[in-house]
Amino acid sequence: MEISENSRIWIYQADRELTEPELQAIQLQLDEFTASWAAHGHALAAKGEVRYRRFLILSVNEEKAGVTGCSIDKSVALMKNFETQFGIQLFDRMQVAYWDGDRINTFRKGDLAKMMAEGAIREESIIFNNLIERYGELNIAWEIPLKESWLNRLMPA
């Protein structure tokens with residue numbers, strides 16, 4: 001499996017840190033899934049990984065074979081299965097993850113002004129931009145200061 005910098009990615013953020021047994025089980029299932037993931041009978045060059053005990057990332061090198069609606073539906077079904085199997089939320093796009101010292105914490109998008117007023121988060125706080133779409137962006141555009149993120153338009157003046 002060859003994942004290039006231009007490979008398409010999907011990031012699913014768990015609502016809590018995963019335990020070691022959960023991480024092992026999820027990684028095993030991700031490996032099994034990506035090994036057999038196909039689009040219209042064409043094997044996808046895909047990889048699944050877990051980062052920071054909280055983020056599940058699927059990558060597909062579309063230069064080899066492109067994903068289709070059906071193949072994306074299969075990946076969504078896998079993530080929904082993880083939600084049920086491990087009692088986690090992976091589709092709550094209102095939760096924003098950020099570095100809080102040496103640990104990852106979350107807040108509701110609607111609570112940004114309150115979090116800033118309380119000093120819990122600042123313009124320079126590093127948040128996770130789960131909207132990125134390419135594997136190469138993980139190293140340059142995933143963990144960014146709040147003021148450089150899509151959330152900056154919600155910051156109090």
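Quick rundown of the values:
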| quantity | calculated |
| --- | --- |
| The chain - charge dipole about Cα centre, Lys and Arg +1 at Cβ, Asp and Glu -1, debye rounded to 20 | 380 |
| Separation in nanometres of the label points that stand 7 Å from Cα toward Cβ, at MET94 and VAL76 | 2.0 |
| Spacing of the two label points (7 Å from each Cα toward its C-beta) at ARG134 and ARG153, in nm | 2.2 |
| Distance between segment 99-149 and segment 13-51 - C-alpha centres, whole angstrom | 24 |
| With Cα atoms, 0 to 90° folded angle of helix 20-36 axis to the chain main axis | 40 |
| 5 Å binning of all Cα-Cα separations within the chain, expressed as whole percents from 0 upward | 2, 9, 18, 19, 18, 15, 10, 6, 3, 1, 0 |
| Between helix 69-86 and the chain: long-axis angle, C-alpha atoms, 0 to 90°, nearest 10 | 60 |
| Two-decimal log10 I(q)/I(0) for segment 8-86, as the Debye equation yields it once each C-alpha is a single scatterer, q = 0.17, 0.25 Å⁻¹ | -0.62, -1.23 |
| Rg over Rh, two decimals, segment 74-120 (C-alpha only, Kirkwood Rh) | 1.12 |
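Readers should treat all values here as calculations from the given coordinates under stated rules, not as data from a laboratory. Here the structure is a predicted model, which means the values were calculated and not measured. Glycine gets a Cβ as well: all are built from the backbone with ideal geometry, and neighbour counts include every protein chain shown.
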